[in-house]
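Below: one structure, written as structure tokens.
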Amino acid sequence: MQNIEKIWIDNHFMEEFHVKHFFRLIISLFCFAVMMISGRSAEAGMISEKQELDMGKAAAEQIEAHYGVLNDPQINERVNRIGQSLVDVCGRKNIKYTFKVLNTEDVNALACPGGYIFVFKGLLDYMPSDAELAAVLGHEIGHVVKRHTVNQMEKNMLTQLLAILAGAASGNGDVMAMGMVVSDALAAGYSRADESAADREGFAYTLKAGYSPFAMLVTMHKLQKLAADYGNPGWGIFDSHPQPEQRIQNMHKLLNPLNILPTPSKKADGGAFVRESFKDGPWEVAIRETAGGNDPFYRAELLAGALYQVRQKEIIDPTHFIVFEANDRAEIYYEDMQLFTVYKQDASGFGSIGACAGDYVGRFRAWADKVNQIKKVAK
């Protein structure tokens, strides 16, 4: 995991004002150029899909030139694979989506019009699981599907173009200054309604694509903590008009009717557990320690989501829970699906990480037996 403090104090990459206005300037200049070249009337209040694609492509090229694209085929393949799995279930599949990793340690992501989506390398280091990455990409895809940036441009285009024309006619101001005026209106950020809509879209895509139902919630918790600890840059995935607490509450409203099992819960002592009730009593597994940079409840959310995915199988084979031990941790899998990481902090009282992992596996197998009984009765 990267040094997050370094990420947020790096003067070259985290000059929020310049980065934010750099992106705004690109969008505004290309919007203006396309409008002028095409002769399309601002009063029409419409940016065609072709114009959207052209503007997005041009902006994406400039962003790539500024940051550079990470040259790591394995990472790029993973990001694209997860992104395309979400595109397959999204509501706008008639355009081509591209997913690229920008070579910067910033923790952020953004979407250009037309399906050009970027994640920053620092985000991959801070959110290593597929579920977290899927949540971020799903949110950005949601903005593209709903054409939020385009809609914002359409709302402000007439006023801002008139300002440009007035400045040009009077001979006052240069093109760059006028571009900045337009950019403030065109890419000032998403509205409260747009952010909430992108959250809902992202939640739906991750669930339909087979990722953890807690993916969006887990990611929101992590972004909330990151912004609280190191400051909120106010753009990209942090461009949160609804307060983080409100976004988390909204996500709970989407989750609650689905009756997702098993469920994560907090304990009064700061620990957490994952629980599911059965006829013969509740099954639960406790997570007491902060480890791997994550608190107990965050780890419980990840585990509950992974077990939910296992639960979707027709029959759960208890022998398919396996452990891979490393020097300072043990990874627990069900087949090829990572469920949980056991750290040395978890092993207090067990004598070894391996023994602690074995205890977790025993509990997971007991849970599988109980779930299988329900599945057999349902048949």
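Read-outs throughout are calculated quantities, based only on the coordinates presented, and are distinct from any laboratory measurement. What you are looking at is a predicted structure, and each value in this text was computed from that prediction instead of being measured. For neighbour counting, all protein chains shown are included, and Cβ atoms are generated from backbone atoms with ideal geometry for every residue, glycine included.
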> Which of the lysines could be linked to Lys121 by a straight reach, that is with a Cα gap under 22 Å, when you skip same-chain ones fewer than 8 residues away?
Replying inline: Lys6, Lys20, Lys57, Lys100, Lys222, Lys225
> If you count, for each residue, the other Cβ atoms within 10 Å and average over each peptide, how do 93-100, 213-220 line up from highest to lowest?
Replying inline: 213-220, 93-100
> Sorted by packing (mean other beta-carbon atoms within 10 Å per residue), highest first, where do 354-362, 249-257 land?
Replying inline: 354-362, 249-257
> Around Asp106, which amide H atoms from residues at least 5 apart in sequence, or from another chain, sit under 5 Å from its own amide H, with H modelled in the peptide plane?
Replying inline: Gly122
>> Which order do the peptides 325-337, 263-275 come out in when sorted by mean C-beta neighbours inside 10 angstrom, highest first?
In response: 263-275, 325-337
> Rounded, prolate or oblate: which fits segment 277-316, taking a ≥ b ≥ c as square roots of the Cα gyration tensor eigenvalues, rounded meaning a/c under 1.5, else prolate when a/b beats b/c?
Replying inline: oblate
> What shape does segment 47-125 have by the C-alpha gyration tensor, where a ≥ b ≥ c are the square roots of the eigenvalues, rounded means a/c under 1.5, and otherwise prolate means a/b greater than b/c and oblate the rest?
Replying inline: oblate
> Under a plain spin-label model, where a point goes 7 Å from the Cα along Cα-to-Cβ, how far apart in nm are Glu314 and Ser48?
Replying inline: 5.0
> Once phi is turned into ³J(HN,Hα) by the Karplus curve 6.51 cos²θ - 1.76 cosθ + 1.60 with θ = phi - 60°, what whole-Hz value does each residue of segment 202-219 show in order, with x for glycine and proline?
Replying inline: x, 4, 5, 5, 4, 5, 5, 7, x, 8, 4, x, 8, 4, 5, 5, 4, 5
>> Modelling each spin label as a point 7 Å along the Cα-to-Cβ direction, I'd like the Gln373/His252 distance in nm, to one decimal.
In response: 3.2
